[in-house]
Amino acid sequence: MRRRPLPPVKEEVNTKSWRSVCESEWAIYALVSSVGALTYANSFDGEFVHDDIPAIVSNSDVNGGNPIARVFKNDFWGTPMSDLNSHKSYRPLTTLSFRLNHALCGFSPWWWHACNVALHAACCALVARTGAVVARLQRPFAALAALLFAVHPVHTEAVAGVVGRADVLACVFFLSSLLLYHGSSGRHRVWSSVVLAALSMLAKETGLTVLLFNVTFDLYRCWSPISKPSLAVKWRWKSDSHWGRVVRVLTALSLLIAARLALLQGSLPAFSPQDNPPAFHPSFIVRLMTFCYLAAFNWWLLLCPWTLSHDWQMGSVPLITSGWDPRNLLTCAAIIALVALSYRCLMDLELQRHTPVLVGLMLLVIPYLPASNLLVTVGFVVAERVLYIPSVGSVIITAYGIQLLWRHYGGSKGLLVLVVGALVGAGVARTHLRNREWRTRETLLRADLSVLPHNAKLHYNFANFLKDIEQQESAVRHYKEALKLWPSYASAHNNLGTLVMESGRAEHHFLQALKYNREHINAHYNLAKLYRKKNRITDSLKMLERCISLEPRFVQAYLELLLITNENEKRPILDKLVELEPNNWEHFLLYGNWFRDRDLLPLSSEYYTIAMRLSFAGETQNSERGKILSLRAACLALRRAGQRARVLQMLTRWQAGRGGAQPAAARRLAARAWRLRTELAGRAALYARPAPPAVTSTCLHHSQLEVSTEVYNGHSRTFYTTPDRELDEIVKIDKNNCQKNVKKSVSLSTQYKPTHNKSEIGHKRKSCPLHKKKKMKEHNTFSPFVSDHLIKTY
C-alpha cells in the first residue's frame, strides 16, 4: 500500500500573528541568553590560566608590543607563520579581539571573561534560532535545545578559559552563516554566507566546515524537488538553481582551503609523541582503533560530561593495542548509533520528516572531522574546547528525542518535564562547579589531577606551579612522578635539574633531557650556566653556541654569553641584544656600562638616556626598576664627567615628574637639599687627603704660610694660601694692565687643631703658648680668609 506523502514543513510553525510570533521568539532568545550568562557568571573573577598566559599575557600581538600588521603574519601564539617552530594556527580575528580587549581594559581578567560570556550568550540565541528555522524543531523544543547548550559543562574550557574564545567566536560566525544560507531569502545570501564562513575560519580553522554543511544540507532539502518539482519549492528559490549554489559554494570552499594551505608556507606544524601518542605509533591498526575510540569518547563527553580535564595528553587515554580491549565496546556502540541515525535519514530522504536528526547528525560529525585525527594529525587526543560547535548537533538530537517522547507519551508529560528539569539543573550545577575549578591555576591543576592522576603532563604542570610558589620539595616530587609515568619527558628532566643543583644531579638531568630531545633549547642553556659556574668555560661556550644555532633570537643565551666573553669582544653581542629587543631598557643600560668602563662617557650617557626613555615609557613594575637604575647610572656618568649642573637638572626633572601631585615647594626643598649635600661633599673632599707629618706643633705658625704677591693695575695684593690651593703655573695678565706675578713658596702643614689657632677665631691680641715672647703681626686680609674657610668646613 503506497504511503501518502506528508505536506511539506512550513517555515512558520506557529499560527499566531506575526507580531506575537516575533515577541515569543525574542522572549525565547532573551531567556536562553540570560540562562547562559548566569550559568557562567561565577567565572568573571577567574584569572588568566593555562594557555591564557602564552597566548594573551606574553603575546606581543595582544599587548601591543608588535604593530597591528604583525597580527596577520603571526600565528595564534605570536610566532611568525614562516617560522619552523610555528604552531600554524592562524586565527587573526580572535587575536584582534584580544588586542581590543587589552586596549580597552588592559589585563583586568574580569572584562575578558565578561566578553567570553557575552559571546556564549549570543551563541545560545543562535542555537535556538537554528533549531527552529533550520532543524525544524517545534519552538519550545528549539528553546530546550538552546537551554541544554547554554548549561552544558563541556563548554567550560571554551567559555571560562579566555583562550577558548576562538571556539566561541567561530561558533557565532558558523551559525550566522548557516542561518543566512538556509533561513533567509536574500538575493546575495550565498556570498554573504561565504563571507561569514571565512570570518569563522579566521576565528578558528574548524569554522570553514560550515560551507560543507551548507552544501550537503542544500542537496538534502532539494532532493525531493529534483524528483518531483513542487510549486512551493520553486517559488521559494525562485530562479536560483540549486546546482548554481552548490558550484559557487564549492568554488569558495576550494579557494579558502587553498589560501589556508598557503599560509602554512611550505611546512606543517611539528607535533611530538607527548602531544599525540597514537599518531606516532607504527601500527596502522592501533592508530585506527585508538582514533575511533577517541571519537566515541568525545561523543560520550557530550552525553555525560562528568569526567572533565583541560589536558588529556601523555597517557591520559592509553592506546588500544588489542581487539579484546573492552573499550572497543564503546566504539562499536557509537558506530552502531551513527549508522542507525544515518540509515534513518536516508530512508526519510523523500518525505524529510526527521530533519532534526539529519541536522543534528551533520552538526555533530562535520565540525569534528578536522579534530578527529582521521584526516590530518592534530596536537591533542581529546580537547573539550573543540566540542563547542559539535555540541549543537548533540543538543538538537536530544531535544528532538524529547519532542518525540512528548508527542507519543502524552500521559507522562509531568514525568518528562521533571526529567528535563533535572537534566538542566544538573548541567547548571556541574558547570558552576567546573567554573570554580577554572578560577585559578592551582584549583584547575588540583581538580584535574584528582580526575587523571596518571597524566604525566598534569604532574609536570603542577610541579611548575609549586616551583613558582617556592615549594621546592613538593615540586621535585611531582617532577619525579611525571618521569615515572613518562621516562622520556625531556622538559621534566630539564626543570628537575634546575631544582637539584646542590645535590650534584643537575648535569645528569640536563644531559637526559638532551638525550631524549637533542633540540631542547632550555636544556642547552641551563647546562651552559652550570658549566660556567664550574669554570668550564669551553663547554659552556659550546652549549651556548648550540643554543643560539637552534634559536637565533634566544636573548637569555646572549646575556649568558656576555658573562664569559672577553671585555674587548662584547660589543657585537651587545649590538645583537639591542637588535633583538630594541625596546628593552636593560640592554641599553648594559651597553652604557660597557662604554663607561672604557671612559667613553659621552657614549655611555647617550645609551643611559635611551634606557631612561624606554623605562619611563613602560608601565610595569620592571619599568619602575628601570627608571631608578638608568637614572642613577646616567647621573653617575655625568658627575664623573664633571657635569654637575646637568645632574641637578636631571634629578629635578625626575623629582617633578615622579611627584606628579607633589607640591612645588617640596620639590624645591629637595633640590636645595641636594645642592647643599653636593657642596658640602665637595668641600669635605679638599681635606680628605693624608697630611705629611712635617711639623708636630699644633699651632699655626706664620712661617708655614705661602705668600703670593700680585700686582694688578698698579696696586699690589698679598695672599696667604696653603699647598692645597697652590697654583701649578703662573697666571699671565694682560701686558697693558698687569706686571709679572711674584711668587714665594712656603710649605704649610695641615695637621693642626683649629681651636689652638685662637688668632684665627677672633682673639687677635692673644698669642700661642709656644711663642709667648713673640708677637706676630697679622696681615689684615689673613684673618677673614682663614676664619671663613675653617668655619664653613668644620
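The values are calculated or read from the model by the stated rules, or taken from the named source; none is laboratory data. Please read these numbers as outputs of a predicted model, since none were measured by experiment. Ideal geometry is used to build each Cβ from the backbone, glycine not excepted, and the neighbour counts take in all protein chains shown. Quick note on the areas: whole protein, heavy atoms, side chains included, nothing else; ligands and nucleic acids left out. Shrake-Rupley method; radii C 1.70, N 1.55, O 1.52, S 1.80 Å.
Are any residues in the stretch 281-291 part of a helix (DSSP H, G or I) and either surrounded by fewer than 21 Cβ atoms within 10 Å (Cβ to Cβ) or small (Gly, Ala, Ser) (or both), and if so, which ones?
If the condition is that a residue be part of a helix (DSSP H, G or I) and either surrounded by fewer than 21 Cβ atoms within 10 Å (Cβ to Cβ) or small (Gly, Ala, Ser) (or both), then 284, 285, 286, 287, 288, 291 are the ones that fit.
Here is a list of conditions, (1) under 19 Å from residue 386 (Cα atoms); (2) open to solvent by 50 Å² or more (accessible area, probe 1.4 Å); (3) assigned to a loop (DSSP other than H, G, I, E, B), and residue 300 meets all of them except one; can you say which number that is?
It fails just one condition, (3).
Mind checking which pairs have a first residue in the stretch 573-593 that is over 17 Å from residue 630 (Cα atoms) and a second that is outside any helix (DSSP H, G or I) and open to solvent by 60 Å² or more (accessible area, probe 1.4 Å), Cβ under 8 Å, 6 or more apart or different chains?
So the pair list comes out as 580/553.
What residue, among those in the stretch 54-77 that are in a helix (DSSP H, G or I) and touching a residue at least 60 places away in the same chain (Cβ under 8 Å), is nearest to residue 118 (Cα to Cα)?
Checking each candidate, the answer is 56.
What are the residues in the stretch 535-548 that are over 25 Å from the mean Cα position of the chain (by Cα) and closer than 16 Å to residue 517 by Cα, if any?
Of everything in the stretch 535-548, those that are over 25 Å from the mean Cα position of the chain (by Cα) and closer than 16 Å to residue 517 by Cα turn out to be 543, 546.
Anything in the stretch 9-29 that is at pLDDT 85 or above and in contact with a helix residue (DSSP H, G or I) (Cβ under 8 Å, 6 or more places away or on another chain)? List them, or say none.
Within the stretch 9-29, 28, 29 meet the criteria.
Filter the stretch 82-129 down to the residues that are over 29 Å from residue 150 (Cβ atoms) and in contact with a Leu (Cβ under 6 Å, 6 or more places away or on another chain), then identify the one that is surrounded by the most Cβ atoms within 10 Å (Cβ to Cβ).
So the residue we want is 90.
Tell me whether the stretch 56-73 contains one or more residues that are within 14 Å of the chain's Cα centre (by Cα), surrounded by fewer than 18 Cβ atoms within 10 Å (Cβ to Cβ) and aliphatic (A, V, I, L, M).
yes
Can you tell me which residues in the stretch 514-561 are polar (S, T, N, Q) and either surrounded by 14 or more Cβ atoms within 10 Å (Cβ to Cβ) or within 24 Å of residue 78 (Cβ to Cβ) (or both)?
517, 522, 526, 540, 549, 556
Could you tell me which of the residues 481, 442 is part of a helix (DSSP H, G or I), closer than 21 Å to residue 318 by Cα, of a type in the set (Asp, Glu) and open to solvent by 60 Å² or more (accessible area, probe 1.4 Å)?
Just one listed residue meets the conditions, 481.
Of all residues in the stretch 158-210, which are open to solvent by 30 Å² or more (accessible area, probe 1.4 Å), free of Cβ contacts under 8 Å to residues at least 60 places away in the same chain and either of a type in the set (A, V, I, L, M) or touching a strand residue (DSSP E or B) at 6+ places or on another chain (Cβ under 8 Å) (or both)?
180, 195, 196
Kindly indicate whether any position in the stretch 517-538 is more than 30 Å from residue 579 (Cα to Cα) and not in a helix (DSSP H, G or I).
There is at least one residue in the stretch 517-538 that is more than 30 Å from residue 579 (Cα to Cα) and not in a helix (DSSP H, G or I).
Which one of the conditions (1) in a helix (DSSP H, G or I); (2) open to solvent by 80 Å² or more (accessible area, probe 1.4 Å); (3) not hydroxyl-bearing (Ser, Thr, Tyr) does residue 476 fail to meet, given that it meets all the rest?
The failed condition is (2).
The rows are residues; the columns are (1) under 26 Å from residue 359 (Cβ atoms); (2) in contact (Cβ under 8 Å) with a residue 60 or more places away in the chain.
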| residue | (1), (2) |
| --- | --- |
| 92 | no, yes |
| 95 | no, no |
| 98 | no, yes |
| 102 | no, no |
| 110 | no, yes |
| 117 | no, yes |
| 123 | yes, yes |
| 128 | yes, yes |
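Which numbered condition trips up residue 488, out of (1) within 25 Å of residue 551 (Cα to Cα); (2) hydroxyl-bearing (Ser, Thr, Tyr); (3) part of a helix (DSSP H, G or I)?
(3)
Anything in the stretch 604-619 that is at pLDDT 85 or above and either more than 18 Å from residue 646 (Cβ to Cβ) or open to solvent by 70 Å² or more (accessible area, probe 1.4 Å) (or both)? List them, or say none.
The answer is 606, and nothing else.
Restricting to the stretch 24-53, and then to whatever is assigned to a loop (DSSP other than H, G, I, E, B) and touching a Lys or Arg at 6+ places or on another chain (Cβ under 8 Å), can you tell me which residue is surrounded by the fewest Cβ atoms within 10 Å (Cβ to Cβ)?
45
Name the helices (runs of 4 or more DSSP H) wholly within the stretch 78-164 that hold at least 1 residues that are closer than 30 Å to residue 413 by Cβ?
Answer list for the stretch 78-164: 109-133, 139-150.
How many residues does the stretch 313-356 contain that are of a type outside the set (A, V, I, L, M, F, W, C) and in a helix (DSSP H, G or I)?
Of the residues in the stretch 313-356, 7 are of a type outside the set (A, V, I, L, M, F, W, C) and in a helix (DSSP H, G or I).
Which one is most open to solvent (accessible area, probe 1.4 Å), of the residues in the stretch 456-473 that are touching a residue at least 24 places away in the same chain (Cβ under 8 Å) and either among the charged types (D, E, K, R) or in a loop (DSSP other than H, G, I, E, B) (or both)?
Here the residue is 467.
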